[in-house]
Every structure is written in C-alpha cells, then in structure tokens.
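**Q** Below: one structure in structure tokens.
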Amino acid sequence: MKPNYKIAILILTCGVSMSFSSCTNLLDEKPYGQFTSGQIDDASIEGLMAAAYAGLEAHFFGNNESFTAPATNWVFDVRSDDAYKGGGGVSMEASIHQLEISNLTSDNPTAVNKWKNNYFAISRIHKAMNAVRDANIAKKDELMAELRLLRAHFYFDLIRIFERIPYLTEDSDPSTVTNKEFTREQIFDKLKDDLQFAWDNLPENQPSVGRFNKYVAAAYMAKVALETRDWAKTVEFADYVIGSSKYALYDNYLDMSKIEFNNQKESVMAIQFSTANNNAHINWGNLLNTTYSDGNLFGSGDDFFLGSQNLVNAFRTDENGLPYPDNFNEVNVTASYTGNVDPRLDFTVGRIGIPFRGHTYNERWCRAYDIYGEYSGKKGMIDPASADMVQGFPWGASSLNYSIIRYADVLLWKAEALIESNQNPDGARTIINDIRAKAKRSVDAGYAPVDVDPVRVSYKIETYPATGWTQEYARKALRMERRLELALEGHRWFDLVRWGEAVQVVNKYMREEETLRPYYQDGTISENEIYLPVPKDEVENSGGLYD
C-alpha cells in the first residue's frame, strides 16, 4: 500500500508553543517531530519529510500567527483592491486593518509572524537536509531536491514581502548572517539554484500524495522566472507542466471548493489539510474567514476577508460578454444592478439573495454589514452538508487543500510571458479564452451545491475575438483575467507589485471606496510602504545584523 502523506504529516509533526526573541535564536532552535542523522534510515524517511513539509501549514506556535500571517496570504489581498479585512469592526485584528489602510509599523503581527513562521520552517528544512546528507540512505538527491524546493518556496514568500532578508543555508552560522549581505537579485539567483536542483533530481511521479515532483519544480521555476521577467524561461517551464497531460482545467469553477478534487485536475502544488487528529491540521490561517451564516450552517464564523465593491464591479461584462478593462468601476454591482456579470462572481463571494452552497445568502450572514457590506468569501468554504465539514468550532473547517499553484495560474503565467515578450500573443488569447470557457460552462443550476442563479442574474461571458488583439489590449485582458480567475486566492497584491501598479491602483481604489468605507478616508500608500518592515524585535536583538 502506498503511504498516505497527508496522514503522515498528522502523525509525525507537533505544534510548537514557544516564543523567540530574534531570528538567530529562532534558527538555532531544534524543531520538534524530526529525526537526527544518527536515527534516520530508509524506514524513517516518511516521518522526516512529513515534518519538513508541515511548515507549509504556518501553524507552529499557536493560532494567532496563522491568522495574521497565513500560508494562503489572504492578508495581502487585503492590501490590494480586492478585499476588506472584515470581522466585527476595524479594531478586531487591528493589525490586519493597518495593512488594509497601509498604516505600517515594525511591530505589526503580520510582519512578525510571517518572518517567524518562514524562518522556523527553513530551520526545520535545514536540519532535515543535514540529517539526509549525513545518513546512509537511498535516493539522497531526490530527498534533497524536495527540501530545496521547500526552502525556495519559503524564501520566495519572504522576498516578496520584505525588501531585504537574511539568506541562510544549511551550513550557515545564524549569528553572522545579515540582511544586507545579498541583494534581491542575488537572492532570486539562489532560489533559482535550488529550483534547478529540484528540477534536475525530482521524479515525475511520487508514491505519496502531496509530495513534490518534477512538475511542481517546473511550475515553481516558471513562477520565479515570471517574477524576474525572464519570459523565455517562464514559457519553457510552463510548457513542461502543460505538456505533461497530468493537469487540466476544472470542469466547473466550483470544483476548487470540493474535497473530492483535492490533488486533482488543477492542483499542481497544494498544502495538504485534514480534519483528522482532533482538527490539528485544518487550514487555521483561514479560520477567521468563515461567513457568519444565518442558521449557523458554518458555525459562528468571524466573517473576515470580504470581497470589495471594486472587485465585485470588476466582474461586470458588456453586451459581448467581455470585461470592462478601463471603466468597470463606473457602475456598482448592487441589488439594483440588472446588467451582465461574469459567473465567477457568484463562485467567489456571497451576494444577498444569491445561493451560497445551496442556501440563500442574506444580510444575517454578514457580521458587520454596516462597516464591510455583504461579500463574504466563498472559495475556502465547502458544502455545509458535507460529512467532512467540522460542526461547530473550528468554524467551517474541512480538509479542503489550499493550492499554492493551480493549473489556471500556470496557463496565465505563460500567457503573460507571451504578451510581454510580444511572442505569439494570439497563443495568449487562446489560453485566456480556454479559462473563460471554463467559467462559461460553470453556469449550471443543477450542479450541486448551487452557487449561481441564472433566473435572477444575467450571466454572460464570452471569449476574446482576434480583432483588436494588440499587445496593449492583450496586457489589459490578461491582467483582468488574473484578477477574475484568481480572486481572493492570495495573488492580487503580489501581481500589482510585480506589474509596478500597486501604489497607483491602491491609492485610486481607496479614494473611490471611501464613500462606501469611511475608514479609507485617511488611507494612502507610498512606494516605500510596498514591503513590510523587518520586525522591530528582530532588528533590536540582532546586534546590528538587520536594519
């Protein structure tokens, strides 16, 4: 029987409840649930690797670090034009409110906990690397490839959030490493080295669910290549994933929110969650985001992470079933709106009077309607009638995985690279149209659970014609498609930063939204606020290593 890697994580990892005063102390800590080199043999490999992979859960120290610095990065969507913090009011989890209005401080818990979570995960990986390197076991290169890909992931997460970070290897002395030693470009080169090793040494198939294979390495290489504007490499490695025939677009957009599609279809790289072991390994980072739910269908959810009116307006479509790339926000999609919308709107957020997993969403589902409105996020919520959903606390929890990379994202990376390099822009149009075709075929009232209402809502989505498909128009279409397809999945803020649009877009958004959300009236963002500051305690306790 093949080992179930998801269950291995549950058995062989432990939560850690301790605090650390500096990164150097943190990186010296011996992680729990791991093996020393003297103990490891072929039989203990599953436990060793499971312990390293468990870092993806971002749940080492307790629940609050998962809420404020989640693996899904939903708190960064709140920094963009896609989402409101939500919850009971602006003072609840106020640190995330500070992110929303860009009132950044060096003691913000998101900065503190993201730093702590990722460096603790890297420490675990390094100890696993040293154990594997020193042990007399088979397939060392394959195991090291998995670990180096994991390390690349955590450093990539950090370098997109902090402007300058310390980079340590498994042989580094943390008491000597500064965050000034390497430039951002040099750190990206180190990530690429790790990913190249993973690509060279990983097999195409793994015996255990959730473990990284060669296609995950290829996808991550495409992701980092896109971030560094290497269009040719982006296409090359995206094509490897696309050409594998292992992945496909979902039959229905709702499939991403169904347990039976864990590790299927569009799932390229996913964090494995579970309700086993007393719910220790559910997606704690998304716990706050459960809708309030009239009738307590999902438990007493905190109703954080709501779609913005701006995001909802972006789903408007014209008489040809195409988005409004420039003036989408001139009309609010509210209860009185009678025009066309992209059906992905009602798979993404709750709207009053529209089905929400087979139940009618109404104002009583909204915890703070007067402050944040009505658009509770849907994507992380499964059918409440499912036997997999936890009843009561933790609210709305299930074993639904979170896709760090899903296939639609890979396709859109390739499309973006083709457009930006002006190589085969019509090929990019075909990719975008394939994704739009998935959305179009998802309008089926008989597809359970029900989330759309074709009787009440005019769903209209069509594909882009070849006429007028210039590079400039294609770029607008691609960027809009990423926003619509990947809405509230933790990508929008990082896309805006990558495109150099974060300051312009978010400041415009705040001015337009402040009439609806008065707390934006004093909100503004500048170029020097794009990256989070190095946590205050890390700077003070580093002995001058960090600034």
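The values are calculated or read from the model by the stated rules, or taken from the named source; none is laboratory data. These numbers come from a predicted model, not from an experiment. Every residue, glycine as well, gets a Cβ built from its backbone with ideal geometry; the counts of neighbours run over all protein chains shown.
**Q** Which residue out of SER244, SER208 is closer than 28 Å to SER421 by Cβ and either surrounded by fewer than 18 Cβ atoms within 10 Å (Cβ to Cβ) or at pLDDT below 95 (or both)?
**A** It is SER244.
**Q** What tally of residues in segment 46-75 results from selecting those that are assigned to a helix (DSSP H, G or I), surrounded by fewer than 24 Cβ atoms within 10 Å (Cβ to Cβ) and within 12 Å of the chain's Cα centre (by Cα)?
**A** 1
**Q** Return yes when ILE404 is part of a strand (DSSP E or B), of a type outside the set (Lys, Arg), crowded, with 20+ Cβ neighbours inside 10 Å and at pLDDT 95 or above and no when it is not.
**A** yes
**Q** Evaluate the following for GLY301: is it farther than 18 Å from TYR253 by Cβ, among the small types (Gly, Ala, Ser) and crowded, with 21+ Cβ neighbours inside 10 Å?
**A** yes
**Q** Considering (1) without any contact (Cβ under 8 Å) to a residue 12 or more places away in the chain; (2) closer than 27 Å to ALA248 by Cα, say which one ASN296 fails and leave the rest.
**A** (2)
**Q** Within segment 145-155, is even one residue touching a strand residue (DSSP E or B) at 6+ places or on another chain (Cβ under 9 Å), more than 30 Å from TYR240 (Cβ to Cβ) and not charged (D, E, K, R)?
**A** No; the residues of segment 145-155 include none that is touching a strand residue (DSSP E or B) at 6+ places or on another chain (Cβ under 9 Å), more than 30 Å from TYR240 (Cβ to Cβ) and not charged (D, E, K, R).
**Q** Between a first residue in segment 127-143 that is among the polar types (S, T, N, Q) and a second residue that is assigned to a helix (DSSP H, G or I) and surrounded by fewer than 18 Cβ atoms within 10 Å (Cβ to Cβ), which pairs have beta carbons less than 6 Å apart while being 6 or more apart in sequence or on different chains?
**A** That search, which allows pairs on different chains as well, returns nothing.
**Q** Within segment 440-475, track down each residue that is among the hydrophobic types (A, V, I, L, M, F, W, C) and touching a strand residue (DSSP E or B) at 6+ places or on another chain (Cβ under 9 Å).
**A** VAL443, ALA445, VAL450, VAL452, VAL457, ILE461, listed by residue number.
**Q** Would you mind listing the helices (runs of 4 or more DSSP H) fully within segment 443-547 where at least 1 residues are surrounded by 13 or more Cβ atoms within 10 Å (Cβ to Cβ) and in contact with a Lys or Arg (Cβ under 8 Å, 6 or more places away or on another chain)?
**A** By residue number, 471-485, 492-498, 502-513.
**Q** Another one. Could you identify the single residue in ILE187, ILE122, ILE159, ILE165 that is among the aliphatic types (A, V, I, L, M), part of a loop (DSSP other than H, G, I, E, B) and either at pLDDT 95 or above or in contact with a Leu (Cβ under 8 Å, 6 or more places away or on another chain) (or both)?
**A** ILE165
**Q** Moving on. Can you find a residue that is over 20 Å from GLU489 (Cα atoms), of a type in the set (Phe, Trp, Tyr), touching a Ser or Thr at 6+ places or on another chain (Cβ under 7 Å) and surrounded by fewer than 23 Cβ atoms within 10 Å (Cβ to Cβ) anywhere in segment 226-233?
**A** Yes: segment 226-233 contains one or more residues that are over 20 Å from GLU489 (Cα atoms), of a type in the set (Phe, Trp, Tyr), touching a Ser or Thr at 6+ places or on another chain (Cβ under 7 Å) and surrounded by fewer than 23 Cβ atoms within 10 Å (Cβ to Cβ).
**Q** Among the residues of segment 259-308, count how many are among the aliphatic types (A, V, I, L, M) and not in a strand (DSSP E or B).
**A** So the answer is 6.
**Q** Any residue in segment 230-246 that is farther than 22 Å from ARG498 by Cα sitting within a Cβ distance under 8 Å of a residue that is of a type outside the set (Phe, Trp, Tyr) and in a loop (DSSP other than H, G, I, E, B)? List the pairs, counting only those 6 or more apart or interchain.
**A** SER244/GLU204
**Q** Output yes when any residue across segment 312-319 is closer than 30 Å to LYS214 by Cα and part of a loop (DSSP other than H, G, I, E, B), and no when none is.
**A** There is no residue in segment 312-319 that is closer than 30 Å to LYS214 by Cα and part of a loop (DSSP other than H, G, I, E, B).
**Q** Output the residues belonging to segment 199-218 that are in a helix (DSSP H, G or I) and not acidic (Asp, Glu).
**A** TRP199, ASN201, LYS214, TYR215, VAL216, ALA217, ALA218
**Q** I'd like the full set of residues that are at negative phi and among the small types (Gly, Ala, Ser), limited to segment 345-396.
**A** GLY350, ALA368, SER376, GLY377, GLY380, ALA385, SER386, ALA387
**Q** Let me ask something else. Got at least one residue in segment 415-436 being in contact with a strand residue (DSSP E or B) (Cβ under 6 Å, 6 or more places away or on another chain) and either of a type outside the set (A, V, I, L, M) or modelled with pLDDT of 95 or more (or both)?
**A** Checking segment 415-436: not a single residue is in contact with a strand residue (DSSP E or B) (Cβ under 6 Å, 6 or more places away or on another chain) and either of a type outside the set (A, V, I, L, M) or modelled with pLDDT of 95 or more (or both).
**Q** Next up: Quick check on VAL132: is it touching a Lys or Arg at 6+ places or on another chain (Cβ under 9 Å), part of a helix (DSSP H, G or I) and crowded, with 24+ Cβ neighbours inside 10 Å?
**A** Here the answer is yes, as VAL132 does meet what is asked.
**Q** Could you run through segment 423-451 and say how many residues are under 22 Å from ARG406 (Cα atoms) and of a type in the set (Asp, Glu)?
**A** The qualifying residues number 2.
**Q** Given the structure, is LYS180 over 25 Å from the mean Cα position of the chain (by Cα) and buried (at least 20 other Cβ atoms within 10 Å of the Cβ)?
**A** Judged against the criteria, LYS180 is not a match.
**Q** Filter segment 219-258 for residues that are outside any loop (DSSP other than H, G, I, E, B) and either small (Gly, Ala, Ser) or in contact with a Gly (Cβ under 6 Å, 6 or more places away or on another chain) (or both); which is farthest from ILE431 (Cα to Cα)?
**A** SER257
**Q** State whether one or more residues within segment 264-275 are on the phi > 0 side of the Ramachandran plot, touching a Gly at 6+ places or on another chain (Cβ under 8 Å) and polar (S, T, N, Q).
**A** no
**Q** Regarding SER123, is this residue farther than 30 Å from GLU46 by Cβ and hydroxyl-bearing (Ser, Thr, Tyr)?
**A** For SER123, the condition - farther than 30 Å from GLU46 by Cβ and hydroxyl-bearing (Ser, Thr, Tyr) - is not met.
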